[in-house]
1. Can you say whether Ile122 is out of contact with any helix residue (DSSP H, G or I) (no Cβ under 7 Å at 6 or more places or on another chain) and surrounded by 16 or more Cβ atoms within 10 Å (Cβ to Cβ), as far as the supplied structure shows?
2. Which one of these does Ile122 not meet: (1) more than 19 Å from Val280 (Cα to Cα); (2) touching a residue at least 12 places away in the same chain (Cβ under 8 Å); (3) more than 14 Å from the chain's Cα centre (by Cα)?
3. Within the range 50-66, how many residues turn out to be at pLDDT 85 or above, out of contact with any Ser or Thr (no Cβ under 7 Å at 6 or more places or on another chain) and closer than 19 Å to Ala16 by Cβ?
4. Restricting attention to the range 6-19, which residues are among the small types (Gly, Ala, Ser) and in contact (Cβ under 8 Å) with a residue 12 or more places away in the chain?
5. Among the listed residues Val278, Val267, Val252, which satisfies the condition of being in contact with a strand residue (DSSP E or B) (Cβ under 7 Å, 6 or more places away or on another chain) and not assigned by TED's automatic domain parsing to the domain that holds Arg156?
6. Mind listing whichever residues of the range 176-197 are over 17 Å from Arg163 (Cβ atoms) and assigned to a helix (DSSP H, G or I)?
7. Name, by its number, the condition in (1) modelled with pLDDT of 90 or more; (2) surrounded by 10 or more Cβ atoms within 10 Å (Cβ to Cβ); (3) out of contact with any Leu (no Cβ under 6 Å at 6 or more places or on another chain) that does not hold for Val96.
Amino acid sequence: MSPLADLEVFARIVTAGSMSAAGREMGLSPAVISKRVKRLEDRLGTRLLQRTTRQLSLTEAGQGYYERVVAILASIDEAEAFVTRRSNLARGTLRVSAPTSFGRLHIAPHLRGFLAANPDLIVHLELSDSFVDIVGEGYDLAVRIGELDDSSFVARRLAPNHRVLVATPGYLAERGTPAGLADLANHALLSHNSDTWRLEGPGGPQLVRLHGPLKTNSSEVIREAVLAGIGIALRSTWDVGPELKDGRLKAVLPQWRASHRVAVHAVYPTRRFLPQKVRVFIDWLATLYGPVPYWDEGLDLAAREG
């Protein structure tokens with residue numbers, strides 16, 4: 001047993017009034033209690049208790065020691081209670097990484113309610129399309145969209161991610177609506193940082209080689225380009241849901257989509273001792289989006305997960 005446990009035994013003897021009573025309260029035999037007191041006195045080099053057949057009393061040294069031991073044990077209890085309370089509260093600074101467009105559209109506009117519910121928490125939200133090193137760069141978690149196969153991290157699925165081909169009605173009126181994948185060869189195909197689209201549909205997985213008048217490293221530039229009627233783009237419904245609903249964009253070849261395995265995830269280093277600030281933020285995102293996220297509501301093309 002630890003020296004701290006010896007202090008607890010000593011304090012219990014004093015409050016209980018006898019070794020036998022302390023033993024009953026602690027589930028220890030009188031012999032063990034006596035041995036623990038002797039070990040404590042030997043370590044201190046002084047007698048703490050005067051023991052007779054009828055009574056037990058503190059020595060002068062024992063009285064002073066007891067007063068200090070009680071204060072120490074009370075401080076330990078207070079420290080443990082503080083940690084327990086703290087673990088159940090979201091406080092401190094939460095560092096979150098998220099993709100630029102997704103964070104701007106689907107995290108930032110909703111933060112007011114989350115922050116109001118967690119007034120002791122500061123959210124440090126960094127938006128970037130780069131693949132950040134969560135541990136090395138000091139993030140608590142990252143929101144990532146894709147097929148995740150990195151087993152070194154924990155990933156919680158927050159929402160499905162449907163990517164569909166879209167174009168403006170004006171573009172399709174001018175260039176014609178494709179009837180099949182082969183027809184895409186006659187169209188301007190818009191993408192950033194990619195030379196191919198991997199689509200899944202009636203014919204199984206297919207690769208479509210891209211060609212078009214615009215090259216960029218910005219997903220948001222592609223979004224603006226497709227809205228300007230420059231060509232056809234493969235976009236997530238979280239990105240162009242409102243435009244699909246109000247008719248500014250139309251689905252092209254809706255039976256062909258990007259991989260259904262792509263989803264929105266919260267990624268964090270470990271489940272063990274997960275800070276409450278991380279837990280409440282992930283739970284909030286999962287509740288906010290749900291299995292059918294708000295950006296897919298009302299869209300016939302948003303395939304429901306089976």
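1. In short, no.
2. (1)
3. The total comes to 7.
4. Ala11, Gly17, Ser18
5. Selected residue: Val252, the only one of Val278, Val267, Val252 that is in contact with a strand residue (DSSP E or B) (Cβ under 7 Å, 6 or more places away or on another chain) and not assigned by TED's automatic domain parsing to the domain that holds Arg156.
6. Ala182, Asp183, Ala185, Asn186 - these are the residues of the range 176-197 that are over 17 Å from Arg163 (Cβ atoms) and assigned to a helix (DSSP H, G or I).
7. (3)
Residue-wise test of (1) among the small types (Gly, Ala, Ser); (2) at pLDDT below 95; (3) in contact with a Gly (Cβ under 7 Å, 6 or more places away or on another chain); (4) loosely packed, with under 12 Cβ neighbours inside 10 Å.
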| site | (1), (2), (3), (4) |
| --- | --- |
| Arg198 | no, yes, no, no |
| Pro202 | no, yes, no, yes |
| His211 | no, yes, no, no |
| Thr237 | no, no, no, no |
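The values are calculated or read from the model by the stated rules, or taken from the named source; none is laboratory data. Treat the numbers as computed from the prediction; the structure is a model and nothing was measured. For neighbour counting, all protein chains shown are included, and Cβ atoms are generated from backbone atoms with ideal geometry for every residue, glycine included.
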